[in-house]
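Engineer: Questions regarding the structure given below will be posed in turn.
Rule-based calculations on the coordinates, nothing more; no lab input. A quick note: this is a predicted structure, and the numbers were derived from the prediction, not measured. Note: ideal-geometry Cβ built from the backbone for every residue, glycine included; neighbour counts use all protein chains shown.
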Amino acid sequence: MEHLPPNAYILDFGFGSGRDSKYFLDNGYKAKAIDGSIEMCKLASKYINQEVTCMKFDELNTYDGIWACSSILHVEKENLSNILIKMISSLKINGIIYTSFKIGTGYDIK
């Protein structure tokens, strides 16, 4: 978060419970939480007291930062590079992405 401007607009990309979105909101950031699961969106919307958007990863806008904590590890291998390209193109100038993956044999993204 130290790399983001004050009041940055952060996309919580596959937000799970909404825990991280709530943290961003509680710390003065604007956050948009998206997930492909309608049920997760309903639960997280109540938790963060803000509407949560049910949408697929390839329907993004423009953000200062994208938080993808363990969320894109669910993307099929053949779709991962397209999702990463879309994420990068959805950043404002000097925007940042955080993402995490499980340790494994992996594969190259070109």
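Engineer: For the ranges 64-74, 35-45, 6-16, 88-98, what's the packing order if you count other beta-carbon atoms within 10 Å of each residue, average per peptide, and put the highest first?
Structural biologist: Order by mean packing, descending: 6-16, 64-74, 35-45, 88-98.
Engineer: Still on this structure, please answer the following. Tell me, what are the semi-axes, in whole angstrom and largest first, of the equivalent ellipsoid of the stretch 9-99 as set by the roots of 5 times the Cα gyration tensor eigenvalues?
Structural biologist: Result for the stretch 9-99: semi-axes of 20, 16, 10 Å.
Engineer: Whole-Hz Karplus ³J(HN,Hα) for the stretch 3-16, in order, using 6.51 cos²θ - 1.76 cosθ + 1.60 and θ = phi - 60°, x for Gly and Pro?
Structural biologist: Those phi angles translate into 8, 9, x, x, 6, 4, 9, 10, 8, 8, 8, x, 6, x Hz.
Engineer: Long-range amide H contacts for ALA31: which residues qualify at under 5 Å (H placed 1.01 Å from N, peptide plane, sequence gap of 5 or more or a different chain)?
Structural biologist: It is ILE10, by chain and number.
Engineer: Any idea what the relative contact order of the chain is, in percent, if you count C-alpha pairs under 8 Å spaced at least 6 apart?
Structural biologist: Across the chain, relative contact order equals 27 percent.
Engineer: Here's something else I'd like to know. May I ask you to derive the FRET efficiency for LYS102 and HIS3 from their Cβ-Cβ distance with R0 = 22 Å, giving the value to the nearest 0.05?
Structural biologist: 0.35
Engineer: Working out 0.36 nm times the residue gap between SER70 and ARG19, then minus their Cα-Cα distance, what length gain in nm do you get to one decimal?
Structural biologist: Extending this stretch completely gives an extra 17.0 nm.
Engineer: Another question, if that's okay. Would you kindly derive the ³J(HN,Hα) couplings of the stretch 76-81 from the backbone phi angles with the Karplus curve 6.51 cos²θ - 1.76 cosθ + 1.60 (θ = phi - 60°), listing them in order in whole Hz, with x for Gly and Pro?
Structural biologist: Listing the rounded values in order: 4, 3, 5, 9, 4, 5 Hz.
Engineer: Then there's this: Ignoring everything except DSSP H segments at least 4 long, calculate the 222 nm mean residue ellipticity for the chain; use -39,500 (n - 2.57) per segment, divide by total residues, nearest 500.
Structural biologist: -8500 deg cm²/dmol
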